[in-house]
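One structure is given here, and the rest of the page talks about it.
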Amino acid sequence: MVAEDWLGSYKTLSGLNLTFARLARRLQRENHLPTAVDDITNNYEELESDFLSFFPEAIGYTMMVRSGQDGKGVEMY
C-alpha cells in the first residue's frame, strides 16, 4: 500500500476511478463501482459542501475523545 501510494492516489478522480475499477472486479455480484467517478463528478459541489460541514465536526469529536470527554462533561476513562 505504501509503495504504491494508495492513499495519495485517492486525491485524484483518475486515482479513484482506478480504485473503483479494481474493487468492482473483486466483487462477485453486479455493482456500479465502475461509474462511481461519474456520480462524484456530477455531484461534486454537494459532496464538497457536505464534507466541509462534516470534517470540522469529526475533528472536534476526535479531539474531545482524545481528551477523555464523552461530550457531556463526563470523563470516559
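Bear in mind these aren't lab numbers, they're just calculated from the coordinates by the rules spelled out. Every value quoted in this text rests on a predicted model; they were computed, and no experiment measured them. Cβ atoms come from the backbone with ideal geometry, glycine included; neighbour counts cover every protein chain shown.
Of everything in segment 1-17 that is closer than 18 Å to N42 by Cα and not polar (S, T, N, Q), the residue that is surrounded by the fewest Cβ atoms within 10 Å (Cβ to Cβ) is K11. Within this structure, V65 fails the test of being surrounded by fewer than 10 Cβ atoms within 10 Å (Cβ to Cβ) and over 17 Å from the mean Cα position of the chain (by Cα). For beta carbons closer than 6 Å, sequence separation of 6+ or different chains, a first residue in segment 33-51 that is under 15 Å from K11 (Cα atoms) and a second that is of a type in the set (A, V, I, L, M, F, W, C), the qualifying pairs are A36/F20; V37/L13; V37/L16.
Taken over segment 43-61, the residue count meeting the criterion of being of a type in the set (D, E) and either on the phi > 0 side of the Ramachandran plot or in contact with a helix residue (DSSP H, G or I) (Cβ under 8 Å, 6 or more places away or on another chain) (or both) is 0.
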